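Visitor: What follows is a single structure, and I will ask about it in a moment.
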Amino acid sequence: MPRKKNQQARREQLTEAAQRAIAEHGVAGVRVEHVALEAGVSPNTVRYYFSDVEEFLREAHRKAIERFYTERMKQARAIDDPVQRLVATIDSGVASGPDDLETRLLWEGVRLAGESELFSVLMTRLHKEQELLYENILELGVAAGVFKLADDIHRIAQTLVALEDICGIRMMQRDEDLTHEEGKRLILAYARLATGCDLPE
């Protein structure tokens, strides 16, 4: 049992190192040696846990998906009030800034999606899952009588996810006018119009 836990811990360490290496070198440029340098281990150690570069790309991407869907879903379910649930979900969907590791990884995944069917499927699934997350919150607000939707529920959810993506892109481009707080403010402004609800900052 301890050996299995140690192996899991090592794999987790290497995945985090892979995230940093991909963010620095990009999908096209990252190599096993970059991951090894980040982790402070030999390239052979990396190869023991990951058979090729694509495997640790998939694992690093999975970590990004955990943050932007799995963790947000858990957070949302822990908040009963639909207004607070929507505000918290918007806040957690906006990148923290230009050095936000998971956001950078997701955009590397977008680049790879043009060449890889696997990453195309992964990115499409993530967008649909995020849209469903918003749809569930909107439905809850409508049922509670606090949201009066100004458009089709799916279209609103799609737009909220698209706005998150745009904010992330601008931050990755180091647009100094776009901070986490400004991104949140912009998305909340649209959400107020879409829900007919005076959402708090």
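Visitor: For segment 26-36, does any single residue satisfy the condition of being farther than 30 Å from residue 195 by Cβ and under 20 Å from the mean Cα position of the chain (by Cα)?
Guide: yes
Visitor: Considering 121, 142, which residue is more than 14 Å from the chain's Cα centre (by Cα), at pLDDT below 95 and surrounded by fewer than 16 Cβ atoms within 10 Å (Cβ to Cβ)?
Guide: 121
Visitor: Taking the stated definitions as given, is residue 72 in contact (Cβ under 8 Å) with a residue 40 or more places away in the chain and part of a helix (DSSP H, G or I)?
Guide: Answer is yes for this residue.
Visitor: Here's something else I'd like to know. Run down 137, 169, 156 and say which single residue is of a type in the set (Val, Ile, Thr), closer than 24 Å to residue 66 by Cβ, in the same structural domain as residue 89 (by TED's automatic domain parsing) and crowded, with 19+ Cβ neighbours inside 10 Å.
Guide: From the options 137, 169, 156, the qualifying one is 137.
Visitor: Take the conditions surrounded by 20 or more Cβ atoms within 10 Å (Cβ to Cβ), in the same structural domain as residue 9 (by TED's automatic domain parsing), touching an Asp or Glu at 6+ places or on another chain (Cβ under 8 Å) and assigned to a helix (DSSP H, G or I) and apply them to residue 21. Does it pass?
Guide: Yes: the conditions hold for residue 21.
Visitor: For segment 24-66, which residues satisfy the criterion of being more than 30 Å from residue 130 (Cα to Cα), in a helix (DSSP H, G or I) and among the β-branched types (Val, Ile, Thr)?
Guide: 32, 45, 46
The values are calculated or read from the model by the stated rules, or taken from the named source; none is laboratory data. Keep in mind it's a predicted model, so treat the numbers as computed, not measured. Counting neighbours? That spans all protein chains shown, and the Cβs are built from the backbone with ideal geometry, glycine included.
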